[in-house]
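This is the structure I have questions about; it appears just below.
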Amino acid sequence: MAEPYSIYIHIPFCQQRCFYCDFNTVAGQDSKIDAYLKALKQEIDVLTRHFDEQIPVHTLYIGGGTPSYIAPHHIVDIMELVNQRFAVIPNSEITIEANPGTLDEEKLNMYFASGINRISLGVQSVDDVFLKKLGRIHTYEDVERNIELARKCGFENISADLIFGLPDQSMQHWQDSLACIQSLSLEHLSLYSLTIEEGTPFGTWAEEGKLIASDEDLVADQYSYAISWLAAHGYEQYEISNWRRMDSHIDYASKHNNQYWLNQPYIGFGLGSHSCFEKKRIANTPILGEYFKKISNNGPGAAIEMPASISVDELSIQDEMKETMMLGLRLVKTGVSRERFYSKHQKDMDEVFHREIEELLHHELVQWHNDTLILTERGILLGNQVFMRFV
Ligand code: SF4
């Protein structure tokens, strides 16, 4: 177990459901928060008892849902348990996801004192009109206030999520939004285009003709603009949807997400979380009632490592190699090198994926940079066409 692991912990509770959200989250079930945290701790306890030695961990991500919605002592408890049960390496990246409408100075101080050193802030839009249309509970003023408070409490690594391709969002509006978010000098930005999902209020309104999705060409133009504008304003794009600030010797790329993209081991705890380690891919139940039942049926001494799991798939070598390509090519600067592929799989990438690589080269979607395969500019814009070749 030499390579360090990443740990993900899912807190599914939200104050209210945003209109576009199809994440694994629950609103209006606050009476179950204490029981959930108890079950979560039991899940961590069961898994860690199955290992003879402590697993080394170099990133921890507390995500949701809205982890910042629940009482902060729960987060402190999680941090204590993780530190007891895993060999958390000094200076690990420890992130909490936060909704700007649920933060305050006391929470931020408690997070920082517990060892959390990175905040991922769900900003989503810098315009209150759009925030309201999205069903968000916060305003842009909350964002500014919370960033100021987080800095005061000691946080030196803050990331913001921002959505583009919003219905009725003009190019000018997106350009102004980027300028606004850039002026906050955050260390990291994640930009996503809006997807209208079935089963969400947005999905229903779109079916009823009450909500018109943004034009696809406009969305592509907004993405292209972000790539060139942020490059000229201090941010390097290192992944399809992620940028790091470049004015320091510190690398602000998300180490936790890198673990996924580099196809390295991670363990997820909590409702609907996923794990991938020891050549197995494991999924937890996404249903809250079932999660409670599974955990109470698999207490201390349970025969299975992952007491809330609903599926455990053994990964073939072919599956693993495809994932190395599909995930690694998302890293637009570092791609997949022949050397990394060989040291991970003891096979030659050109031989295994000769046909796929030739086809992608032919369509100018990927290119060789010395010994490394990376996306071209066109490949970055049409990323899904590339990744689909390795599914
Ligand atoms: S806060 Fe995040 S997880 Fe919760 S409903 Fe909104 S988008 Fe979904």
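The values are calculated or read from the model by the stated rules, or taken from the named source; none is laboratory data. Everything quoted here is computed from the prediction, not taken from an experiment. Ideal geometry is used to build each Cβ from the backbone, glycine not excepted, and the neighbour counts take in all protein chains shown. Protein only, heavy atoms only, side chains kept; ligands, DNA and RNA dropped before computing areas. Shrake-Rupley method; radii C 1.70, N 1.55, O 1.52, S 1.80 Å.
Pick out, from segment 282-385, the strands (runs of 3 or more DSSP E) lying fully within it that include 1 or more residues that are surrounded by fewer than 16 Cβ atoms within 10 Å (Cβ to Cβ).
309-314, 366-369
Please work out if L40 is buried (at least 20 other Cβ atoms within 10 Å of the Cβ) and out of contact with any Asp or Glu (no Cβ under 9 Å at 6 or more places or on another chain).
Judged against the criteria, L40 is a match.
With the structure loaded, tell me whether I116 is touching a strand residue (DSSP E or B) at 6+ places or on another chain (Cβ under 9 Å), of a type in the set (A, V, I, L, M, F, W, C) and open to solvent by 40 Å² or more (accessible area, probe 1.4 Å) or whether it fails that test.
Spelling it out, it is not the case that I116 is touching a strand residue (DSSP E or B) at 6+ places or on another chain (Cβ under 9 Å), of a type in the set (A, V, I, L, M, F, W, C) and open to solvent by 40 Å² or more (accessible area, probe 1.4 Å).
Quick one: in segment 43-63, of everything that is at pLDDT below 95 and open to solvent by 10 Å² or more (accessible area, probe 1.4 Å), which residue is nearest to R17 (Cα to Cα)?
Result: D45.
I'd like to know if segment 34-55 contains one or more residues that are away from the ligand (no atom under 16 Å from the Cβ), in contact with a Phe, Trp or Tyr (Cβ under 9 Å, 6 or more places away or on another chain), under 30 Å from F130 (Cβ atoms) and not in a loop (DSSP other than H, G, I, E, B).
So far as segment 34-55 goes, no, none of its residues is away from the ligand (no atom under 16 Å from the Cβ), in contact with a Phe, Trp or Tyr (Cβ under 9 Å, 6 or more places away or on another chain), under 30 Å from F130 (Cβ atoms) and not in a loop (DSSP other than H, G, I, E, B).
If you don't mind, another one. Do we have E144 as in contact (Cβ under 8 Å) with a residue 12 or more places away in the chain, over 20 Å from M246 (Cα atoms) and either open to solvent by less than 10 Å² (accessible area, probe 1.4 Å) or within 16 Å of the ligand (Cβ to nearest atom) (or both) here?
No: the conditions fail for E144.
Test of understanding: among D128, D104, which residue is farther than 27 Å from N83 by Cα and either within 14 Å of the ligand (Cβ to nearest atom) or of a type outside the set (K, R) (or both)?
D128
Of all residues in segment 172-200, which are assigned to a strand (DSSP E or B) and under 16 Å from A232 (Cβ atoms)?
Result: L189, L191.
Going residue by residue through segment 2-13, is there one that turns out to be modelled with pLDDT under 95 and assigned to a loop (DSSP other than H, G, I, E, B)?
Scanning segment 2-13, I find at least one residue that is modelled with pLDDT under 95 and assigned to a loop (DSSP other than H, G, I, E, B), so the answer is yes.
While we're here: Scan segment 66-95 for residues that are touching a Leu at 6+ places or on another chain (Cβ under 9 Å), within 16 Å of the ligand (Cβ to nearest atom) and either in a strand (DSSP E or B) or open to solvent by 10 Å² or more (accessible area, probe 1.4 Å) (or both) and jot them down.
T95
I'd like to verify a number: residues in segment 258-279 that are touching a strand residue (DSSP E or B) at 6+ places or on another chain (Cβ under 8 Å) and open to solvent by 40 Å² or more (accessible area, probe 1.4 Å), how many?
5
Okay, next question. Show the residue pairs that are 6+ apart or on different chains and have beta-carbon atoms under 7 Å apart, the first residue being within segment 153-176 and free of Cβ contacts under 8 Å to residues at least 12 places away in the same chain and of a type outside the set (D, E, K, R), the second being open to solvent by less than 30 Å² (accessible area, probe 1.4 Å) and in a loop (DSSP other than H, G, I, E, B).
No pair meets every condition.
Quick one: in segment 4-23, of everything that is more than 8 Å from the ligand (Cβ to nearest atom), in contact with a strand residue (DSSP E or B) (Cβ under 9 Å, 6 or more places away or on another chain) and open to solvent by 30 Å² or more (accessible area, probe 1.4 Å), which residue is farthest from H58 (Cα to Cα)?
Y8
Let me ask something else. Would you pick out the residues in segment 222-248 that are open to solvent by less than 40 Å² (accessible area, probe 1.4 Å) and free of Cβ contacts under 8 Å to residues at least 12 places away in the same chain?
None - no residue of segment 222-248 is open to solvent by less than 40 Å² (accessible area, probe 1.4 Å) and free of Cβ contacts under 8 Å to residues at least 12 places away in the same chain, so the list stays empty.
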